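Some notes on the structure that comes next.
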Amino acid sequence: MKIRKRWNLVCLLLAAASLSRCASGPSAPPSGRTAAAPAPSAAPPRWASPADAEADLLALEDRRAFDSETLAAAARSSEPATRARAALALGRIADDRGRPMLRELLKDAAPEVRASAAFACEPMGDPTLTAELIPLLTDSDPRVSAAAAKAIGFLARGDGQDALIAAIPSAGAPEPRASMLAALWKTSNAATQAAASRYAADADSRVRGAAIYALARKPVDGSQAVLTAALTDSDADTAAIAARGLGLLGQKESLVPLAAALDSGKTPLVINSLVAMEALFEKNPTASVPDERKQRVLSLAGDSNGNVAVSALVLLRWFAGKDRGVFRRLWSVATTGEGRRRQVALLSVVAVLRGKAETAIRSASDSADASLRATAAESLAFLTPADAKPYLDRFAADRSPLVRIAALTSLKTPELVQQDREIVLAALTDPDPGVRASAVEDLGLLGDPANLPLFQEAASKSLNDPTPDVAVAVIEACEKMRTDPAARPIVESFYRQGRTLVARLARRSLVDTMRVDPSAFPMPEYKTGKTGADYASLLADARKPWQATVQTSRGAFVIRFSGSTAPMTVMNFVHLAQQKFFDGVAIHRVVPNFVLQDGDPTGTGNGGPGYEIRDEVNPFEYRRGTVGMALSGPDTGGSQWFVTLSPQPHLDGTYTVFGDVVSGQDVVERIEQWDRINQVTVSAGP
């Protein structure tokens, strides 16, 4: 979620990060109920209580250490809760040596253990575990079969897809059937389309919604009719994801039903329909809609809900060239409006007028508001290089790193990067690591091995950075040039330097992308300096009923934390809040009907507290109002957190869930990008 991507505005509204590991294998559909293994034979108790065992397991997770003795003892405990916790620890530590233990726990007598082990296969990330997961699809406990379905979908192997499709008709309860359907989205093809289409009109809203999700997340040709019908679904979220799918399909015939959906009165559907229509016009620029529909979009551009208004302002650029009334409205908002609405209107105006929008760009570039200047820098992507050059020089030297980063990210093609190479090279020595990382990304677009010495120099200068941004950018750039002999030594230099996080990121790159021998690069452990007593105390504190009241410029909302499943993450947030870290910080990212994100005092999306915490992925689902930890890679969380504005199943098992909004969700959904958090107060219960 902190990852620096080159999104245009439409992609920001449509897209969210996802992971995909693909493999293929023979079809092996389940044929019967799972025969659970007997409970472990009694062993001398190692811990006085499950809480003591949990403290030891938490210590291993924090170090990312594989201690076979401790893990084996927990996996063979007579306490099901401890065995389940051992399974979760094996997944979080994700050491290959833990696979045999995890395979045994998948056959445990206790359903809570089997369910935990099934979930742990996701962070373990080993597609070969699919074979052990497939029999669990017919487990007698619906929790187990649902967890197995999600893990099989996450691992995305061909035999897993076949097994999911085969198991759907026999799934007894709606929960596992819905999980099986939703899990198909990663392997979207004709087979999954046919399977999901059969349940797109199911009587159970969970099953129906999951079927539409499977069709819409990565839609394939042939699903348009089913997705169009789902626009009228009684569930607003199901209808909204159908609209998103139609936008991704990009067929201009969908404009009519999407335009009609703007009158639905369902905010999620209205937002996604606006975004989908914009995507359709991007792919079909000569398409049109009736004037009456243009007026509807124009009225939505003034909606009191900023998520709706921003989405409409983006879409209006497709009408402004031929409708003077629409253009006048956009120009007014772009030159005299406020906040995020003015920024989005500015982008739309520049997209229409190109170089003739000089007055609007100049006005924004003279603003005292760094976020508006950054938007002006972003708008340079719509200009010719000659028209953009004077502004680019100015923005590249701006006092705000937010603006300097926007200037660099406006260079979206190798040709532009090459033309403005001097600006990019100068940015490699910028004092801000986010700017330097953006410069590395720009040079990475060139794919030129001659730039590898520059990456090595940038790597050397980043050793004392408070964030790993430059390291992440250099590693990614080297991966693109992995066939060059000079690329691997640069990544190896990150592995050998002293920062554990960066060394682990480099090791993943070396093993997964550059295909080196894993035994030559052991995964380093974190040195935490904490004792067993420290972890026991942390767990005791995290179990308190912590809540946070977040006061914003638009009202307050309350978060209830999940300390029992993400104790380190919860106590990190509590500590930062007690230190007033979040007070006065701008909400630097709002993607309509997706997420809002906060916790970066720099506002660039790259800032943090100067340290990282370990991920604590768990089986909780991302629904509306779920609070998660933002990341730029594994174990890179710090202070940035987000709240989902709608269900987002593709985030499950990837980002740590550590709370839920329990009151004020209406406030959350009114917040606009660059609104401020006035104060965050935490307490251990009401």
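The values are calculated or read from the model by the stated rules, or taken from the named source; none is laboratory data. Given the structure is predicted, the values throughout are model-derived calculations rather than measurements. Please note: Cβ atoms are built from the backbone with ideal geometry, for glycine as well, and neighbour counts cover all protein chains shown. All accessible areas refer to the heavy atoms of the entire protein, side chains included, with ligands and DNA or RNA removed. Shrake-Rupley method; radii C 1.70, N 1.55, O 1.52, S 1.80 Å.
Of note:
- The chain: angle of helix 532-542 to the longest principal axis, Cα-based, in degrees nearest 10: 60
- Counting every alpha-carbon pair across the stretch 58-127, the share separated by more than 16 Å comes to 33%.
- Helix 324-336 and the longest principal axis of the C-alpha atoms of the chain enclose an angle of approximately 70°.
- Å² of accessible area per residue within the chain, as computed with a 1.4 Å probe and no ligands counted: 38
- Average projection, convex hull of the Cα set of the chain: 28.8 square nanometres.
- Per-peptide average of other Cβ atoms within 10 Å, ordering 628-636, 640-648 highest first: 640-648, 628-636
- Global form of the stretch 466-560, assessed from the alpha-carbon gyration tensor, a/c cut-off 1.5: oblate
- Each Cα pair under 8 Å and six or more residues apart adds its sequence gap; the mean of these over the residue count of the chain is a relative contact order of 10 percent.
- FRET E, pair Ala225, Met514, Förster distance 60 Å, beta-carbon r, rounded to 0.05: 0.85
- Rounded percent of accessible protein surface that carbon and sulfur make up, the chain, 1.4 Å probe: 52
- A crude spin-label estimate for the pair Ala131 and Ala203, with each label 7 Å from Cα along the Cβ direction, gives 4.1 nm.
- Cα-based Lys proximity count in the stretch 235-375, under 22 Å, for pairs eight or more positions apart or on separate chains: 8
- The packing ranking of peptides 588-595, 664-671, highest mean first, is 588-595, 664-671, where packing means the average number of other beta carbon atoms within 10 angstrom of each residue.
- Leu58 sits among other residues whose Cβ lies under 14 Å from its own Cβ, and their net charge, with Lys and Arg +1 and Asp and Glu -1, is -3.
- Debye log10 I(q)/I(0) for the stretch 572-641, one point scatterer per Cα, at q = 0.13, 0.18, 0.21, 0.25 Å⁻¹: -0.37, -0.73, -0.99, -1.31
- Sequence-separation-based contact order of the stretch 628-686, relative, with Cα cut under 8 Å and 6+ spacing, percent: 32
- Spread over its residues, the convex hull of the C-alpha atoms of the stretch 596-686 is 120 Å³ per residue.
- On Cα atoms only, tilt of 433-446 relative to the major axis of the chain in degrees: 80
- The calculated 222 nm mean residue ellipticity attributable to helices in the chain amounts to -15000 deg cm²/dmol, summing -39500 (n - 2.57) over DSSP H runs of n ≥ 4 and dividing by all residues.
- Added length on full extension, which subtracts the Cα-Cα distance from 0.36 nm per residue, Ala287 to Ala397: 35.6 nm
- Percent of C-alpha pairs per 5 Å bin in the stretch 235-389, short distances first: 2, 10, 20, 21, 19, 14, 9, 4, 1, 0.
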